[in-house]
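Remarks on the structure that follows.
None of the figures in this text is laboratory data; all of them are computed from the coordinates on show. The shown structure was predicted, so the numbers you read here are calculated from the model rather than taken from an experiment. Cβ placement follows ideal geometry from the backbone for every residue including glycine, while neighbour counts extend to all protein chains displayed.
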Amino acid sequence: MIPEGRVYGQGRADGPASADGQGRRAALAALAFAVTAMAIYGLFASGFGRIRPPARPVEPAAAAQGPPAPAPSARPAPAEPAPAAPVLAVIADGFYLTYLPPDLRRTGGGTLGPGAGGWARYAPEKPEAAGPGRYVEARVERGPVAADWSRYRSHVAVLNARDTLLRGRPAVVGRDPRGGRTIAWLERPGTGLRVRAGESLGKELLAVAASVKAPVGD
């Protein structure tokens with residue numbers, strides 16, 4: 001006979017079985033919460049969800065710039081040649097030269113007569129250093145022979161003559177019958193000049209002639 005108020009095989013709702021089920025559910029909920037919290041912490045710790053600033057673009061100038069240039073080697077500056085010493089080589093009647101080839105000095109000269117002008121010769125001071133044809137001669141000629149260019153031109157003897165200009169004045173250049181090269185020109189009416197250079201100084205002839213200076217007030 002079954003006692004009144006009991007059901008076989010089933011406990012009451014508020015009995016021990018009900019309490020155990022509630023405990024298990026609470027433990028599972030706590031475990032799920034702990035797992036969720038750990039997952040969220042791991043995501044934030046890894047930087048997920050953070051706003052990162054954009055990468056700084058490379059400036060074009062910096063990107064195009066190559067490797068730094070090597071520093072220049074410290075080399076001594078080349079020595080500049082010393083300026084040529086000024087020359088004042090007297091010819092005659094106040095005329096003089098401001099240029100002569102190196103090592104030439106006045107070694108001779110004289111007058112052509114009263115009022116007729118004069119001449120000068122320039123060569124190395126040491127005869128052994130002269131060499132063949134290393135000399136310059138200059139001549140100042142005054143008077144009727146240099147009254148005008150046509151008369152003076154017919155007065156001077158020049159072989160293989162070629163007309164030219166020297167400092168804006170008519171001139172003739174060629175070979176001298178005595179040897180070397182020569183140039184003659186009319187400095188002014190009544191005054192003619194000639195310059196002769198030896199064979200080894202033929203290329204210096206025009207430079208020497210162009211350096212002739214006239215006396216002040218002449």
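Okay, here's what the table says:
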item: Cut-off under 5 Å, modelled amide H: who pairs with Tyr96 long-range; result: Ile91, Lys213
item: Amide hydrogen neighbours beyond the local backbone of Gly118, cut-off 5 Å, H modeled; result: Leu112, Val140
item: Rounded, prolate or oblate (a/c below 1.5 giving rounded, otherwise prolate when a/b exceeds b/c) for segment 117-207 by Cα gyration tensor; result: prolate
item: Protection proxy ranking, peptides 105-111, 206-212, 181-187, average beta carbon neighbours within 10 Å, highest first; result: 181-187, 206-212, 105-111
item: 3J(HN,Hα) from dihedral phi, segment 159-175, Karplus parametrisation 6.51/-1.76/1.60, rounded to Hz, x for glycine, proline; result: 8, 6, 5, 9, 6, 7, 10, 10, 6, x, 9, x, 8, 9, 10, x, 9
item: Label point distance in nm, Ala157-Arg105, each placed 7 Å from Cα along Cα→Cβ; result: 3.3
